[in-house]
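*Asks:* The structure that follows is given in the form of structure tokens.
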Amino acid sequence: MADVAVEIVNNSKQTVRMTVDDGEQLDYLKKLVRREDLQSVKVVTPAGRKPAASK
């Protein structure tokens, strides 16, 4: 699994960027959005970098 940068917005409109594993950790964050514990989770790619090729 590869690490990806994500931008997370909680229900208080606070934004944080962090790096997580693109497997279970990212799936868990998306689950929190569905349960409305988080407002959004977006995978971001830093400027000047290409996204990793998927296999």
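The values are calculated or read from the model by the stated rules, or taken from the named source; none is laboratory data. Not measured: the values here are computed from a predicted model. Don't worry about glycine lacking a Cβ; one is built from the backbone with ideal geometry, like all the others, and counts go over all protein chains shown. Calculation scope for accessible area: heavy atoms of the full protein, side chains included, ligands and nucleic acids excluded. Shrake-Rupley method; radii C 1.70, N 1.55, O 1.52, S 1.80 Å.
*Asks:* Could you list, ordered by first residue, the pairs with Cβ atoms under 8 Å in which the first is in region 1-15 and among the hydroxyl-bearing types (Ser, Thr, Tyr) and the second is modelled with pLDDT of 95 or more and open to solvent by less than 90 Å² (accessible area, probe 1.4 Å), at least 6 apart or interchain?
*Replies:* So the pair list comes out as Thr15/Glu7; Thr15/Ile8; Thr15/Val9.
*Asks:* From (1) part of a helix (DSSP H, G or I); (2) modelled with pLDDT of 95 or more; (3) not aliphatic (A, V, I, L, M), pick out the condition that doesn't hold for Gln25.
*Replies:* The failed condition is (2).
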